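First the structure, which I've put down as structure tokens, then a few questions once you've had a look.
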Amino acid sequence: EPEVTQTPSHQVTQMGQEVILRCVPISNHLYFYWYRQILGQKVEFLVSFYNNEISEKSEIFDDQFSVERPDGSNFTLKIRSTKLEDSAMYFCASSLDRIGTDTQYFGPGTRLTVL
Amino acid sequence: DAKTTQPNSMESNEEEPVHLPCNHSTISGTDYIHWYRQLPSQGPEYVIHGLTSNVNNRMASLAIAEDRKSSTLILHRATLRDAAVYYCILRTLAGKSTFGDGTTLTVKP
């Protein structure tokens, strides 16, 4: 069964450094998402992406964050200058159907630790 | 932003039905109601979704109140593999998802 993959599984970085989290969505999916989950807390929406544009973003997704689909297969989340509070599990998701009614398939997550 | 409220935890016996409630009194007319579940150390997994009518699939049923201010996820026969955190989510047509705090379901053998 096709699945969303994410790399790396765990990323450790120093505060102030840039990180890029990578995701390979399911190949025929058209809509892409990033979420984060701080340890012990609920999942939080960051951004949705379709047709090479951001469809919607949350208040968390400030100027430090950016997303890109650099080629036909990868979808990336960049954090320009990491802060301690960016430490969390980051999940990528993708879906085929129209946003709202879609079934989103989540990847296994990347654990980001900012020291 | 619309908000969802769920009980922190629930328990069920194996093979018995489970009703997981969610309140979403600030839901807007175009928001879809989604339910996902999350096992430890895994990403969320889709369970079911609906807009106004009750929905059934192979995993569960979703009962939506007539005024859409609440919904209930029904697992007809809980198994040990159903133990997870269940999230009630409101999703806008632009793709923004608002997760609740989740209900941790414990299934006792």
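Laboratory data are not the source of any read-out in this text; all were calculated from the coordinates shown. Keep in mind that this is a model prediction, so the values were computed, not measured. A quick note on method: Cβ atoms are made from the backbone with ideal geometry, for glycine too, and the neighbour counts reach across all protein chains shown.
Quick check for you: which residues of segment B:1-40 have the amide N under 20 Å from the point 7 Å beyond the Cα of B:L80 toward its beta carbon?
Within reach of a label on B:L80, which here means backbone N under 20 Å from a point 7 Å along Cα→Cβ, segment B:1-40 contributes B:10-18, B:38-40.
I'd like the Kirkwood hydrodynamic radius of the protein assembly as shown, using the inverse of the mean 1/r over distinct C-alpha pairs, in Å.
Working: mean 1/r = 0.0558 Å⁻¹.
One over the average 1/r among Cα pairs gives 17.9 Å for the protein assembly as shown.
So, one more: Gain in length, B:L93 to B:A63, computed as 0.36 nm per residue apart minus the alpha-carbon separation, to one decimal in nm? Walk me through the intermediate numbers first.
Working: separation 30, 0.36 × 30 = 10.80 nm, distance 2.09 nm.
Contour length minus Cα-Cα distance gives 8.7 nm.
Once Lys and Arg get +1 and Asp and Glu get -1 on their Cβ, which of A:T13, A:M89, B:G102 lies farthest toward the positive end of the dipole of the protein assembly as shown?
Farthest along the dipole direction, towards plus: A:T13.
Kindly count the pairs of lysines across the protein assembly as shown whose alpha carbons are less than 30 Å apart, treating pairs on different chains or eight or more residues apart as eligible.
So the count works out to 19.
Kirkwood Rh, Cα Rg: Rg to Rh for segment B:58-109? The partial results should precede the final answer.
Values: Rg = 13.0 Å, Rh = 12.8 Å.
Here the Rg-to-Rh quotient is 1.02.
Quickly work out the A:T13-to-A:R80 label distance, labels modelled 7 Å from Cα along the C-beta direction, and quote it in nm with one decimal.
Going by the 7 Å Cα→Cβ label model, 1.3 nm.
Still on this structure, please answer the following. Going through segment A:16-101, which GluC sites (Glu not before Pro) have at most 14 other Cβ atoms within 10 Å and a DSSP loop state?
On the way: sites: A:E18, A:E44, A:E53, A:E56, A:E59, A:E68, A:E85; in loops: A:E18, A:E59.
Hits after loop and neighbour filter: A:E18, A:E59.
For the pair A:D63/A:T103, report the inter-label distance in nm, with labels modelled 7 Å from Cα in the Cβ direction.
4.2 nm
Semi-axes of the equivalent ellipsoid for segment B:1-93, please: Cα gyration tensor eigenvalues, times 5, square-rooted, ordered largest first, whole Å.
Values: eigenvalues 95, 40, 29 Å².
Ellipsoid semi-axes (Å, largest first): 22, 14, 12.
Cut-off is 10 Å between beta-carbons; in what order do A:S87, B:S25 appear when sorted fewest neighbours first?
Working: A:S87 18, B:S25 12.
Sorted ascending by nearby Cβ count, the order is B:S25, A:S87.
If you place +1 on the Cβ of every Lys and Arg, -1 on the Cβ of every Asp and Glu, and leave all else neutral, what size is the dipole of the protein assembly as shown about its Cα centre, to the nearest 20 Debye? The partial results should precede the final answer.
Values: 20 positive and 26 negative charges, 24 e Å.
Around 120 debye, computed over the protein assembly as shown.
Report the residues of segment B:93-109 in range of a label on B:E15: point 7 Å along Cα→C-beta, backbone N strictly under 19 Å from it.
Residues B:106-109 fall inside that zone.
Further, regarding this structure: Could you size up the charge dipole of segment A:1-84 around its Cα centre, putting +1 on the beta carbon of Lys and Arg and -1 on that of Asp and Glu, and report it in debye to the nearest 20?
Values: 8 positive and 11 negative charges, 49 e Å.
So the dipole magnitude of segment A:1-84 works out to roughly 240 debye.
Counting DSSP beta bridges with both partners in chain B, what percentage is antiparallel, nearest 5? Write out the running numbers ahead of the final one.
Details: 31 of 36 bridges.
Restricted to chain B, the bridges split so that about 85 percent are antiparallel.
How large are Rg and Dmax for chain A when calculated on the C-alpha trace, in angstrom?
Values for chain A (Cα only, Rg and Dmax): 13.3, 39 Å.
If each of A:L30 and A:E3 carries a label point 7 Å out from its Cα toward its Cβ, how far apart are those two points in nm?
Reported label-point gap for A:L30 and A:E3 is 2.7 nm.
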